[in-house]
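Down below is the structure, laid out as structure tokens.
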Amino acid sequence: MTPFVYTLVEDPEGNHYRLPVFMTQTVIDSILAHFVVRDYDLFIVTYPRSGTTWMQQIVHLLANNGVQGNDHLEVHIPYLERAAAFKGISSLEQKEGRRYFKTHLPFTFGLHTRNLRTKFIYVARNPKDCALSLYYFMSNNYRIAYKGSWEEFLHLFIAGDLIYGKWSEHVMGWWHASREFDNILFLTYESIHRNLKGIISHVARFMETSVTPEVIDQIVRKTSFSEMVSNPKTNLSWAAWRKDASTQPLRKGCVGEWQPHFNPEQSSLFDAMCREMAAMNGPPFVFA
Ligand code: A3P
């Protein structure tokens, strides 16, 4: 028996994905059938636990000249599948001007091909740190309630039997598209860690937003891990999370935390997966 709760959903190509329970086929079909992607919309796309919130905060501050505002980040940049499930597609149509969304939908769901003027920022993360972060998330989220072992989790991750399908296919789908289309910016969590200021400036250029060097400096400060952890607009204990601090969305924010958690066999399975991706012209990851 699969050790967590999910719903099974089919993409337009007939591939099956396990998604959080509230994202039923009806919800996904409503996005596919009725959600109109506008020219100047911007999507932040990730496999879960790859730095989505971090990129949301960067984009939100760039879009608002460094000003945080009173609402939680998820109000400014809604989670498309969640908003479609709880508020309906029509709630997303009401906003005028450039809209910002986050989504975890794989490339095969066809969001990108709807409108080639829309911008997409894809963030990929070292799969070992991503898997560790996802393990904490899926174990602590009461709707998903993962109850299996760490060992089993890693096998489910590689096989693509967790949420949102195979990590490797998710990354490869968006990576190959980013090679072909200028409106997809492909970044890694590790590169943001290495060069936060440089990435913020890069994202600003991609968004075609001009901000002063002073505002860039403010954004660097407001997107640091320590600032985001203590900011209730970026690190709420959501209803879906238990209240204790160790299960907050922003947990450790490290590169290389996987090391004491993976034994050599587990690590080499992940290395083999990355080698396979490299052999298929995958992204040039430099993993810690
Ligand atoms: P950890 O669980 O390893 O701490 P997502 O937003 O896609 O769910 O990704 C969550 C991961 O991104 C968490 O990783 C979180 O701590 C990390 N993260 C969020 N903001 C960050 C920041 N400002 N700096 C570094 N890591 C950040």
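The values are calculated or read from the model by the stated rules, or taken from the named source; none is laboratory data. All figures in this text were calculated on a predicted structure; none of them were measured in a lab. Positions of Cβ are backbone-derived with ideal geometry, glycine not excepted, and every protein chain shown enters the neighbour counts. Heavy atoms of the whole protein, side chains included, go into the accessibility calculation; ligands, DNA and RNA do not. Shrake-Rupley method; radii C 1.70, N 1.55, O 1.52, S 1.80 Å.
See the values below:
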| read-out | value |
| --- | --- |
| Heavy-atom accessible area per residue - segment 1-159, 1.4 Å, Å² | 39 |
| Candidates Pro48, Pro264, Pro106: whichever shows maximal mean-square fluctuation once the chain is modelled as a Gaussian network with Cα springs under 10 Å | Pro264 |
| Span-rule helices in the chain, defined as complete DSSP H runs reaching 18 Å or more along the axis (Cα) with Kyte mean at least -0.5 | 127-140, 264-279 |
| Among Met172, Tyr100, Leu111 - extreme Cα towards positive end, dipole of segment 7-279, charges at beta-carbon | Tyr100 |
| Full-stretch length increase - Leu8, Arg98 - with 0.36 nm per residue and alpha-carbon distance subtracted | 29.2 nm |
| Bridge type composition, the chain - antiparallel percent by DSSP, nearest 5 | 20 |
| For segment 58-150, Kirkwood radius (reciprocal of mean inverse C-alpha pair distance, Å) | 15.9 |
| Once the Cα gyration tensor of segment 30-69 is diagonalised, semi-axes √(5λ) in Å | 23, 16, 7 |
| Segment 131-224: proportion of alpha-carbon pairs further apart than 19 angstrom, % | 59 |
| Sites Arg205 and Asp161, calculated FRET efficiency, Cβ-Cβ separation with R0 35 Å, nearest 0.05 | 0.35 |
| FRET efficiency, Glu180 to Thr108 (Cβ-Cβ, R0 22 Å, nearest 0.05) | 0.90 |
| Surface share of carbon and sulfur [accessible, 1.4 angstrom probe, percent] for segment 7-279 | 53 |
| Selection from Ala83, Ala278, Gln25, by position along the positive dipole direction of segment 7-279 (Cβ) | Ala83 |
| Sum of -39500 (n - 2.57) over DSSP H runs of 4+, divided by residues of the chain (222 nm, nearest 500) | -13000 deg cm²/dmol |
| Value in Å of the Kirkwood radius, where segment 1-53 supplies the Cα pairs that are averaged | 13.2 |
| Segment 147-277 - convex hull of the alpha-carbon atoms, volume per residue in Å³ | 157 |
| Entries of Lys102/Lys147; Lys197/Lys222; Lys166/Lys197; Lys95/Lys222 with Cα pairs more than 23 Å apart | Lys102/Lys147; Lys166/Lys197; Lys95/Lys222 |
| Square roots of five times the Cα gyration tensor eigenvalues for the chain, Å | 27, 23, 20 |
| Computed lengthening from Asp271 to Glu214, 0.36 nm per intervening residue step minus Cα-Cα distance | 16.4 nm |
| Accessible area of His76 in the full protein assembly, 1.4 Å probe (Å², nearest 10) | 50 |
